[in-house]
Amino acid sequence: MERPAVEQPLSIAVVCHPSVGGSGVVATELGIALAERGHTIHIVSHMRPVRAVAPTERVHFHEVEIARYPLFKYPPYTLALATKLAVLCREHPVDLIHAHYAIPHAVSAYLAQQMLGDRAPKLATTLHGTDITLLGMDETFYEITRFSLEQSDGLTAVSNYLAKETSERFCVECPIETIYNFIDLERFHPGKRDAAVRARFACPDEALIGHLSNFRWVKRAPDVVRIFQRIRREHPARLLMVGDGPELEPTRRVADELGVLEYVTFLGSEDEVERLLPQLDLFLLPSEQESFGLAALEAMASGVPVAATNVGGLPELVTEGSGHLCSVGDVQGMGAAGVEMLAQPELRKTARLRAEDFAQPAQVDRYEAFYRSILDA
């Protein structure tokens, strides 16, 4: 059901990656939520994001086409995106560009502003983590990352941890507002637990353990299999691996080497993860780094406790009663914690209660207020 239209609706260009990673999910779902409040949303990316719905009267998708001339060894996406944004802003009234990631999106938005001159919209940049903790700290990109932060009209981060890291690493003087990632509590709900769906992956007497990610090295997906093997020593279980990425095949090989491959289902990318997560009994997130941990929040909202690493923004999300935190690489410790949590069915309720602290409406309210503070400045 749509909310009543706002008094002064905004026109916002949302720039994001189209992948299953948290930034693309948050960006598109924020755009959709804002459109339901009466704003006009232009989603800009090189592919349609996985969570984007079909275009509507107030949600429009703009694909960035990348020229592939023999002159370029690597297609200049940053320039193609800047041009697309400039053209979009000339053809449609746009009040504000919301760039999710400093590199390359905020840089492209800044170039578009320069092309537009006095007609340029304001620029808000949301930091999701990799652009700061990994890419931005590479000496190749440090200066351009810092420049893009300085040129933004407003900055947000998805956790207090990331806001602090950004301020310290880049000596950013302007305030960085923390606006946590959010969850649609109706979409992700324990009530969607379905014996027929669960039976596709596990028998009634087996625990169903899961992991969802883009399978980059930072997610440490092979550790998921190692933790699962540790759990299986004490509890009959199956493992559901959702997603795709460069570490998928190495993870499959580890499962084979450890002799548990027959108990693991590699499902690949899945758009409707809200159907799968409630079927789980435990969610594993042994990441090297997480600025927030959106997949963990989706699991918790589905009534699934989380075993994760004590890094980044995860301690701000996974608190006592909703899961357990271990050191990075502590496979034995996380496996033991997993066995303990499987014996505590009451954790399903407390995980859900914790997720309710990140309900979508309150966080979208904060983004709306943030936009207006930039436009009024």
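The values are calculated or read from the model by the stated rules, or taken from the named source; none is laboratory data. These figures come from a predicted structure and were not determined experimentally. Quick reminder, even Gly has a Cβ in these numbers, built from the backbone with ideal geometry, and neighbours come from all protein chains shown.
If you take the residues in the range 19-36 that are buried (at least 20 other Cβ atoms within 10 Å of the Cβ) and not hydrophobic (A, V, I, L, M, F, W, C), which one is modelled with the lowest pLDDT?
Here the residue is 21.
Considering only residues of the range 138-186 that are among the polar types (S, T, N, Q) and assigned to a helix (DSSP H, G or I), which is nearest to residue 278 (Cα to Cα)?
Step one: list which residues in the range 138-186 are among the polar types (S, T, N, Q), which gives 140, 145, 148, 151-152, 156, 159-160, 166-167, 178, 181.
Those left that are additionally assigned to a helix (DSSP H, G or I): 145, 148, 151, 160, 166-167.
Numbers: 145: 39, 148: 40, 151: 42, 160: 28, 166: 35, 167: 37 Å.
Looking at the filtered set, the residue picked out is 160.
If you scan the range 321-377, which residues turn out to be of a type in the set (S, T, N, Q) and more than 30 Å from residue 226 (Cα to Cα)? Give the derivation first.
Of the range 321-377, the ones of a type in the set (S, T, N, Q) are 322, 327, 332, 344, 350, 360, 363, 373.
Result: 360, 363, 373.
Listed residues 238, 232; which is within 30 Å of residue 187 (Cβ to Cβ) and either buried (at least 17 other Cβ atoms within 10 Å of the Cβ) or touching a helix residue (DSSP H, G or I) at 6+ places or on another chain (Cβ under 8 Å) (or both)?
Details: 232 fails: within 30 Å of residue 187 (Cβ to Cβ).
Residue meeting the stated conditions: 238.
Let me confirm something: among 56, 83, 78, which residue is hydroxyl-bearing (Ser, Thr, Tyr), outside any loop (DSSP other than H, G, I, E, B) and modelled with pLDDT under 95?
Details: 56 fails: outside any loop (DSSP other than H, G, I, E, B); 83 fails: modelled with pLDDT under 95.
Only one candidate qualifies: 78.
Check the range 151-162 and report whether any residue there is closer than 18 Å to residue 289 by Cβ and polar (S, T, N, Q).
First, the residues of the range 151-162 that are closer than 18 Å to residue 289 by Cβ: 157-162.
Those still in the list that are polar (S, T, N, Q) too: 159-160.
Yes, because at least one residue in the range 151-162 is closer than 18 Å to residue 289 by Cβ and polar (S, T, N, Q).
Looking at residue 108, is it assigned to a helix (DSSP H, G or I), surrounded by 23 or more Cβ atoms within 10 Å (Cβ to Cβ), at pLDDT 95 or above and not aromatic (Phe, Trp, Tyr)? Step through it out loud before you land on a result.
Numbers: assigned to a helix (DSSP H, G or I): yes; surrounded by 23 or more Cβ atoms within 10 Å (Cβ to Cβ): yes; at pLDDT 95 or above: yes; not aromatic (Phe, Trp, Tyr): yes.
Here the answer is yes, as residue 108 does meet what is asked.
Conditions tested, residue by residue: (1) modelled with pLDDT of 95 or more; (2) more than 23 Å from the chain's Cα centre (by Cα).
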{"position": "318", "(1), (2)": "yes, no"}
{"position": "332", "(1), (2)": "yes, yes"}
{"position": "336", "(1), (2)": "yes, yes"}
{"position": "344", "(1), (2)": "yes, yes"}
{"position": "350", "(1), (2)": "yes, no"}
{"position": "367", "(1), (2)": "yes, no"}
{"position": "377", "(1), (2)": "no, yes"}
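Considering (1) surrounded by fewer than 24 Cβ atoms within 10 Å (Cβ to Cβ); (2) in a strand (DSSP E or B), say which one residue 362 fails and leave the rest.
Condition not satisfied by residue 362: (2).
What's the total number of residues in the range 198-257 that are among the β-branched types (Val, Ile, Thr), in contact with a Ser or Thr (Cβ under 9 Å, 6 or more places away or on another chain) and in contact (Cβ under 8 Å) with a residue 60 or more places away in the chain? Show your work before the answer.
Step one: of the range 198-257, the residues among the β-branched types (Val, Ile, Thr) are 209, 218, 224-225, 227, 231, 242, 251, 254.
Those still in the list that are in contact with a Ser or Thr (Cβ under 9 Å, 6 or more places away or on another chain) too: 218, 224-225, 242.
Checking the rest, the ones that are also in contact (Cβ under 8 Å) with a residue 60 or more places away in the chain come to 218, 224.
Matching residues across the range 198-257 total 2.
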